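Asker: Below is the structure I would like to discuss, written out as structure tokens.
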Amino acid sequence: MKKSILAASLMSIAFSASAGVLSCDDLKAKIEKKVAGKGVKEYNMVVVTKDTKMAGRVLGTCEKGSMKIIHEKKKSKTAEKSE
């Protein structure tokens, strides 16, 4: 009986955490913290509507899936000079 109550409690906690709606600003801040922790300095994140088509990697969605955060790599200064 205790195991089933514990399992139900853990499942409800996991579901409520995944069902939580993050604002785009909150999600962007979390992503920026992770990126900074990995030592990446040259990057650009853009928040766009889910239907926007653009080059880059989708890092996450926010506002109940109506917006997405896109990662665009910045060109290095040496690459810009060679063009």
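Taken together, the values in this text are just the output of simple stated rules run on the coordinates, not laboratory data. Note that the structure is a prediction, hence the values are computed from the model and not measured. No Cβ is skipped: glycine too gets one built from the backbone with ideal geometry, and neighbour counts run over all protein chains shown.
Asker: When you count, for each residue, the other Cβ atoms within 10 Å and take the mean per peptide, how do 60-71, 37-48, 21-32 rank with the highest first?
Answerer: Values: 60-71: 15.5, 37-48: 11.2, 21-32: 14.0.
Ranking the peptides 60-71, 37-48, 21-32 by packing returns 60-71, 21-32, 37-48.
Asker: Give me, ordered by chain and number, the residues 5 or more places off LEU22 or on other chains with an amide H under 5 Å from its own placed amide H.
Answerer: GLU63, LYS64
Asker: Another question about this same structure. If amide hydrogens are placed 1.01 Å from N in the peptide plane, which non-local residues have theirs closer than 5 Å to the one on GLY60?
Answerer: Residues meeting the amide H criterion: ILE69.
Asker: A further question follows. On the first, second and third principal axes, largest extent first, how far apart are the outermost C-alpha atoms of segment 21-82 in Å?
Answerer: 42, 28, 13
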